[in-house]
Structure formats: C-alpha cells, structure tokens
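S.K.: Sharing a structure with you now.
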Amino acid sequence: MPEAVSPAGRYAPSPSGDLHLGNLRTAILAWVLARRSGRAFRLRVEDLDRVREGAEERQLEDLEAIGLDWDGEVMHQSRRAEAYDAALSRLADAGLVYECYCTRREILEAPTAPHAPPGAYPGTCRDLDENARERGRARMRELRREPALRLRAGVAEWAVHDMFAGEVTGTVDDLVLRRGDGVVAYNLAVVVDDAAQGVDQVVRADDLLSSAPRQAYLAHLLDGADLASGTDPATSADRSRAAAPDPTAPMEYAHVPLAVSPSGARLAKRDGAVTLRDRLERGEDVGDVVERIGASLGLEGCRSARDVLERWDPATLSREPWVVDLPA
C-alpha cells in the first residue's frame, strides 16, 4: 500500500442520482468529525457501477452549497484500476487469492457455517484440486464469465471499534476481490482507496456497519503484517478456530443512523421531495434544508454545515433512524 498522507476523514458518494437529505446529513457528520479532530477531509466518487450522467457534478455542487469543503483532488474509482491490480497481485503472491466458479444463486442456496450471515460464502471453491478448477473454468467460459477472485481469509471473524456502536465483531468469509465481470469488488476498492487518501476515520450510514470487520481485516492484510510474515494461509480448520484480534483497530469508524420514510423504509425518491434541489423547487432555501438536518440532531437554527461543526455534540446522536416526514 502507498504511504499514507495526512490523516483524513472522507465522504464517498456513488454518482447514481442526486443526494437525498439522509446522504447530506451523513456528509455533514463526516465533515464535522474530520474537521473537529484536525483531519483533512477527502472526497471520493465511487463510480465503478451505475453512473447517471451529470450526477457527480450535481452532487459536488450540493455539498458545496450546504457548506462543505474538501482537501485535494476528488478521487474517482474508475481511474484506479492500476492500484487495484497491484493490491490483488500482492495478495495473490502471498497465496491469499483463489478462483471461484459459483453463481450467486448457488452461493445463496448453499449451506453455511453456524452463525454465518445469509449469503456468506461457504468456501465451495477454496480447496479444489486442479482438475476441478479446470472444470470450473470451462463452465465459466460457457457462461461467458470470468471466475471471480476471492480472498483466502485466515480468520473467521474480526473486531472493530465504532464511535457509536462500540466494539463490533463480525464474520469474515472468503469475500470477493474481483467479480466475474472483471470489475474490482467494492470491499477491495474501498480499502485500497482509503489507504491512498490517508483515511483513518470512516463515517457512513449504519447499514454498512456489518462490512467494517471484513474491510478492516483486508486492510490489515494489505498493511503487510500477514503478507510479510511468510506463513502459509490458514487452512479451513485453522480458520474456523481463529480468534478475533484486539478490537482496537487503526481505523476509526462512526456509523450513523439511516434516514427513513415515515413507513420505516430507506429514504428514496419515491418518498417525494427528498433532495436539496427538490426542496429548493418547493420554495425553501439551502439554509432551510440544513436547518431541517440540524433539527434531526437536536440542534435549532443551524443554517450551514459550519453551524453544526460549532454546536453538535456527537454524544447526543440518537441511535434510532431519522424519520424524514417532509411536507409537500
């Protein structure tokens, strides 16, 4: 991994559409926690998958409008193939990568280890002999796909510390590093990019909390601790007995509650005027929108992100989702 630059927080939207109020709230909290701790604040566009024309430009304009600024150039994942390939090569050279020939349906229908979350990879292709691998490659050719590349994980679980959730121990399976369509998997991309940007504080919605242990473990491997040791990757039996490490992780996590509609579903465009631009069209101004976000944090009269920076106490953050009940 490249040497880290100055410690930083970050916000990393996907340019699939306009940011809704929940996205903007999370961005403000990420910016506030970074600035208050003296960190730089980085911006990254996660554009490996669906990209809507003009969405990135609108998102950046909206973030600036509510008072956010960032340090350095905006990073784009679509321009980072060389860095991802280098990380994959390091893992492969250490014997920590293997081909997987399973379809998504087969993985979902396969029995998993006790207590493993639904969809956790059961290790079907982990220890195949070469003849079985050749059959798998032939099957992939018939399906016009490449084999996915998976991590040969050496632990069964990993622990992280979250500012709001406390110690969180999660399952680590043999996660995908590169998908069957040749695109690098999100878990690898985010770990490589965070290291490149010097990110040591991740603030994001709490629906991603379960991903943190996997990503922290992968970051641990790419930091070189295990790759440089020269030890063989853990066998399946060793892995099942592996204990979680000390929960004090180098990454500081802060997972914040989602914004939801009055029905309790994740906030979405179908819920009405949920974006900054929607609210402007209804006659509100930017300050009104930020004031609404501030009220969700127990603050009154916040008209810009800087007001939140000066007044918000993280200890007061409710762990319940923010129910966004917008007037027409």
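Values in this text are rule-based calculations from the coordinates and carry no lab data. What you are looking at is a predicted structure, and each value in this text was computed from that prediction instead of being measured. Ideal geometry is used to build each Cβ from the backbone, glycine not excepted, and the neighbour counts take in all protein chains shown.
S.K.: Between LEU280 and LEU143, what FRET efficiency comes out of the Förster formula 1/(1 + (r/R0)^6) with R0 = 51 Å and r the beta carbon distance, rounded to 0.05?
M.R.: Values: r = 47 Å, r/R0 = 0.92.
So the FRET efficiency works out to roughly 0.60.
S.K.: While we're looking at this one, here's another question. Scale the Cα Rg of the stretch 31-89 by the rule-of-thumb value 2.2 N^0.38 Å and send over the ratio, two decimals. Numbers along the way, then the final one.
M.R.: Numbers: Rg = 13.9 Å, N = 59, 2.2 N^0.38 = 10.4 Å.
For the stretch 31-89, the normalised Cα radius of gyration comes out at 1.35.
S.K.: Now, a different point. Under 8 Å for C-alpha pairs, at least 6 residues apart: give me the relative contact order for the chain, rounded to a whole percent. Don't jump to the answer; show the numbers that get you there.
M.R.: Numbers: 559 pairs, mean separation 69.4, N = 328.
Result for the chain is 21 percent.
S.K.: Lys and Arg at +1, Asp and Glu at -1: add these up for the other residues within a Cβ distance under 14 Å of ASP181 and post the number.
M.R.: Details: positive: ARG50, ARG104, ARG144, ARG145, ARG178, ARG179; negative: ASP49, GLU146.
After counting each charged neighbour, the total is +4.
S.K.: Out of the stretch 275-320, which trypsin sites (Lys or Arg not before Pro) are coil in DSSP terms and have no more than 14 other C-beta atoms within 10 Å? Walk me through the numbers before you get to the answer.
M.R.: Working: sites: ARG277, ARG279, ARG282, ARG292, ARG303, ARG306, ARG311, ARG319; in loops: ARG282, ARG303, ARG319.
Here the trypsin sites (Lys or Arg not before Pro) that fit, given the DSSP loop and packing criteria, are ARG282, ARG319.
S.K.: Using only Cα positions of the stretch 1-144, each an equal point scatterer, no hydration layer, compute I(q)/I(0) via Debye at q = 0.20 Å⁻¹ and quote the log10 values to two decimals.
M.R.: Log10 I(q)/I(0), no solvent term: -1.16.
S.K.: Which loop trypsin sites (Lys or Arg not before Pro) in the stretch 3-51, with loop taken from DSSP, have no more than 12 other Cβ atoms within 10 angstrom of their Cβ?
M.R.: Values: sites: ARG10, ARG25, ARG35, ARG36, ARG39, ARG42, ARG44, ARG50; in loops: ARG39, ARG50.
Answer in residue order: ARG50.
S.K.: Given the -39500 (n - 2.57) contribution per DSSP H run of 4+ residues, what per-residue ellipticity at 222 nm results for the chain, rounded to the nearest 500 deg cm²/dmol? Mind dumping the intermediate values first?
M.R.: On the way: 11 runs with 111 residues, N = 328.
Roughly -10000 deg cm²/dmol at 222 nm, from the helical runs in the chain.
S.K.: Here's something else I'd like to know. SER16 versus GLU61, label points 7 Å from Cα toward the beta carbon: distance in nm?
M.R.: Placing both labels 7 Å beyond Cα along the Cβ direction yields 2.3 nm.
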